[in-house]
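Asks: After the structure tokens below, expect a handful of questions from me.
Every read-out reported here was derived from the displayed coordinates using simple, explicitly stated rules and does not represent laboratory data. Please read all numbers here as calculations on a predicted model, not as lab measurements. All Cβ positions, glycine included, derive from the backbone under ideal geometry; neighbour counts span all protein chains shown.
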Amino acid sequence: MASLLTNAAAMTALQTLSLTNKKLGVTQNRIATGERVSEASDNAAYWSISVGMKNQSNLLGVVKDSIGFGSAILDAAYTGIHEAIELTKEIHQRYLAREQDGVDTAAIDNEIAELKLAIEEIAQAANFEGQNLLASAANGGGNVTIVTGYIKGDGTAGTTQVLTLTLDHFDLEAETAAMTDADTTEMTLYALREAASELGAKKIRLETQLAFTSKLIDAIDRGVGQLVDADMNAESAKLSALQVQQQLGIQALSIANSNSQNILALFRS
């Protein structure tokens, strides 16, 4: 039955075209953003998970930066204490030589004093952005605490854990001042060796933690990608198909709307 009041064919064609346009909009958004889940309305469960994981990845990025900062501080201190050990060996030798009769003790004392000054300068220079593990407290030395890890909580109070590591201060200036003879210099040398060993162990720990954190960030980012990233090959093929459907829908709607004109032709003489 042909009707002027109700054009069923046009209504069907319009509904089909509207649905095609909606699908086309979704596909175009996925291509533009690179994500198949870019907001909660796309997939509430996956979107919620991705938001949490992206935040965790960002926080681990902060942890990675903190570890890198701590490694730089350790490198400065480790380099300084290594040089201090070499100079302390020189001082130890001179104190021992000083015990021999007939040597110029004044000249040896001057050498020792200069070597001690060199160690003190090393202690004060082993500074990275204001953080110094070797200088005296009066010259800015002290412990340094860095963030080495973050454990995500379950959304309730007290479940989040921030892991830290304290880089212990070693007062190289005080140890240098304590060297007054061969015996005390040997004690200082032992203390320097122990401090260097501790710094070396923490250096290895930070390097390991840095490598793990980098891999963990990559793993989380891959996991987020599995949840929300769009398959660009599939979306491209879908876009082409929907564009064809859109053109056909427009043509179908045009044909359906022309039925009214065909009815008018029946009343022409």
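Asks: Write down the percent of antiparallel bridges among all DSSP beta bridges whose residues are both part of segment 29-171, to the nearest 5.
Replies: In segment 29-171, DSSP labels about 90 percent of beta bridges as antiparallel.
Asks: Let me ask you something else. So, in the chain, how many Lys pairs have Cα atoms under 18 Å apart, if the pair is 8 or more places apart or on different chains?
Replies: Counting lysine pairs in the chain gives 11.
Asks: With a 10 Å radius around each residue's Cβ, average the other Cβ atoms per peptide and rank 213-220, 127-134, highest first.
Replies: Packing order, densest peptide first, comes out as 127-134, 213-220.
Asks: Can you list the residues, at least 5 places off or on another chain, whose amide H is less than 5 Å from the amide H of Tyr150, using H built in the peptide plane?
Replies: Those qualifying (amide H under 5 Å, at least 5 residues apart or on another chain) are Leu163.
Asks: Now for a different question. Hey, any idea what Rg/Rh is for segment 24-101, computing Rh the Kirkwood way over Cα pairs?
Replies: Result: Rg/Rh = 1.62.
Asks: While we're on this one: Once you wrap a convex hull around the alpha carbon atoms of segment 204-245, what is its projected area averaged over all directions, in nm²?
Replies: Answer in nm², one decimal: 3.4.
Asks: Add +1 for every Lys or Arg and -1 for every Asp or Glu among the other residues with Cβ under 15 Å from the Cβ of Ser38, and state the total.
Replies: Working: positive: Arg30, Arg36, Lys54; negative: Glu35, Glu39, Asp42, Asp229, Asp231, Glu235.
Overall, the nearby charge balance is -3.
Asks: To test your reading of the geometry: what angle, between 0 and 90 degrees and rounded to tens, separates the Cα axis of helix 182-228 from the longest principal axis of the chain?
Replies: Compared with the principal axis, the helix lies near 0 degrees.
Asks: Could I ask something else about it? Please report the net charge: other residues with Cβ closer than 14 Å to the Cβ of Ile204, K and R +1, D and E -1.
Replies: Spelling it out: positives minus negatives among the neighbours equals 0.
Asks: Net charge within 13 Å of Val147 by Cβ-Cβ distance, Lys/Arg positive one each and Asp/Glu negative one each, not counting Val147 itself? Walk me through the numbers before you get to the answer.
Replies: Values: positive: Lys64; negative: Asp65.
Net charge in that neighbourhood comes out at 0.
Asks: Now, a different point. Select from Leu189, Gly68, Gly130 the residue farthest towards the positive end of the dipole of the chain; place +1 on Cβ of Lys and Arg, -1 on Cβ of Asp and Glu, and compute about the Cα centre.
Replies: Checking the options against the dipole of the chain, the answer is Gly68.
Asks: Please check which bits of segment 25-39 a label hung off Met232 would reach, taking the label as a point 7 Å along Cα-to-C-beta and the cut-off as backbone N under 19 Å.
Replies: Flagged as within label range: 26-38.
Asks: Please give the FRET efficiency for Ala211 paired with Glu129, using the beta carbon to beta carbon distance and R0 = 25 Å, rounded to the nearest 0.05.
Replies: Using R0 = 25 Å, I get an efficiency of 0.65.
Asks: Using square roots of five times the C-alpha gyration tensor eigenvalues, list the equivalent-ellipsoid semi-axes of the chain in whole Å, biggest first. Walk me through the numbers on the way to the answer.
Replies: Values: eigenvalues 1315, 53, 30 Å².
In descending order, the three semi-axes are 81, 16, 12 Å.
Asks: Place a point 7 Å from the Cα of Leu163 along the Cα-to-Cβ direction; which residues of segment 178-212 have their backbone N under 14 Å from it?
Replies: The answer is 205-212.
Asks: Using Cα atoms only, what is the angle between the long axis of helix 8-33 and the major principal axis of the chain, expressed in degrees (0 to 90) to the nearest 10?
Replies: The angle comes out at about 10 degrees.
Asks: Shifting gears a bit: Using Cα atoms only, what is the angle between the long axis of helix 44-98 and the major principal axis of the chain, expressed in degrees (0 to 90) to the nearest 10?
Replies: 20 degrees
Asks: Continuing with the same structure: Answer with one residue from Thr145, Thr33, Ala234: the one whose Cα lies farthest towards the positive end of the charge dipole of the chain, charges on Cβ with Lys, Arg +1 and Asp, Glu -1.
Replies: Ala234
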